[in-house]
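Data first, discussion second: the structure below is written as structure tokens.
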Amino acid sequence: EEAGMDYFCAQVQQKDVGRRMQVGQELLEYLGDPGRSPDVEQDQQRLDKVIDELTAWVNSSNFKVNS
């Protein structure tokens, strides 16, 4: 099954750093290919939630997430 915004919205809430790193890479690949990510513009609320969670990652004190 192809990952979509529903998948990423759920995954970015994970607390496991290793999983965050994996999901982060998956999200970059997903967003980098407009053919795979047509739902990004259709669900602004879900996109906003994903961005809020990513902002929290960047602001975390864990250097692996900050890098």
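Structural remarks
- Considering the range 1-19, the residues that are more than 24 Å from SER60 (Cα to Cα) and open to solvent by 30 Å² or more (accessible area, probe 1.4 Å) include one that is modelled with the highest pLDDT, namely GLU2.
- Hey, LYS64 open to solvent by 90 Å² or more (accessible area, probe 1.4 Å), basic (Lys, Arg) and at pLDDT 80 or above or not: no
- If you go through the range 7-61 and keep only what is touching a residue at least 24 places away in the same chain (Cβ under 8 Å), assigned to a helix (DSSP H, G or I) and over 11 Å from the mean Cα position of the chain (by Cα), you end up with just VAL17.
- Selection of the range 20-45 for residues being modelled with pLDDT under 85, within 19 Å of THR55 (Cβ to Cβ) and exposed (fewer than 13 other Cβ atoms within 10 Å of the Cβ) yields only GLN44.
The values are calculated or read from the model by the stated rules, or taken from the named source; none is laboratory data. Worth saying up front: this structure is predicted, and the values here are computed from it rather than measured. A quick note on method: Cβ atoms are made from the backbone with ideal geometry, for glycine too, and the neighbour counts reach across all protein chains shown. Note: areas computed on protein heavy atoms with side chains; ligands, DNA, RNA excluded. Shrake-Rupley method; radii C 1.70, N 1.55, O 1.52, S 1.80 Å.
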